[in-house]
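Just below is one structure, and these are the notes that go with it.
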Amino acid sequence: MRLRILLGSLAVVACDSKGAVNREDLQSRPTGPAEKFGATLVLVERLPIASAAVIVVRRVTDKPSNLIALSAQHATPGALGAGIQALVLSRQVDGEMPRRDTSIVIMEEATPKAWQGTDQGAQAAKEIDDLKRAPIRQIPGFGPARAREINLTPGKP
């Protein structure tokens, strides 16, 4: 199953792994035509930042390289939607491969406005249900966690 990414408005600050913001990273770079790309959904009991709804991680060398990490408390279509939006925006800013490892911490759930009137919320709920039944595997930076791969197809903003 694929989720179609339809961006609403989202503000994201690019941070390195130590949380430092680099202003030049916020300037958009062209990324070419929208193509499918993979991401790994990760379900953990608690995120490293307890108050976060979702954390998106992009890695240069470690695999998996695109992660959307959800806590058990925030495993909802709104949290997944916020994570997808952040990942897409990060790819628009940094391109297919980031220059350095990047973490995006999202504090609130945000169902994309473009999902309204579509079946995307139901598809996101199914993805989360599948994630809750996924096998546990070792995820660098998160430890043992339920994880599964998804394919995302960007839509027009």
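The values are calculated or read from the model by the stated rules, or taken from the named source; none is laboratory data. Remember, predicted model here, so these are calculated numbers, not experimental data. Quick reminder, even Gly has a Cβ in these numbers, built from the backbone with ideal geometry, and neighbours come from all protein chains shown.
Structure above, values below:
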| read-out | value |
| --- | --- |
| Every residue from the stretch 44-63 that is crowded, with 18+ Cβ neighbours inside 10 Å, within 26 Å of residue 99 (Cα to Cα) and either in contact (Cβ under 8 Å) with a residue 40 or more places away in the chain or of a type in the set (Gly, Ala, Ser) (or both) | 52, 53, 54, 55, 56, 57, 58, 59 |
| Given (1) touching a strand residue (DSSP E or B) at 6+ places or on another chain (Cβ under 8 Å); (2) surrounded by fewer than 20 Cβ atoms within 10 Å (Cβ to Cβ); (3) within 22 Å of residue 146 (Cβ to Cβ), index of the condition residue 70 fails | (2) |
| Residue that is nearest to residue 85 (Cα to Cα) [pool: residues in the stretch 137-157 that are surrounded by 17 or more Cβ atoms within 10 Å (Cβ to Cβ) and β-branched (Val, Ile, Thr)] | 150 |
| Which listed residue is out of contact with any Lys or Arg (no Cβ under 8 Å at 6 or more places or on another chain) and either of a type in the set (A, V, I, L, M) or without any contact (Cβ under 8 Å) to a residue 40 or more places away in the chain (or both), from 72, 134, 114 | 114 |
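So that you can scan it fast, the table gives a plain yes or no per residue for (1) aromatic (Phe, Trp, Tyr); (2) within 12 Å of residue 80 (Cα to Cα); (3) at pLDDT 95 or above:
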| residue | (1), (2), (3) |
| --- | --- |
| 97 | no, no, no |
| 110 | no, yes, no |
| 131 | no, yes, yes |
| 135 | no, no, yes |
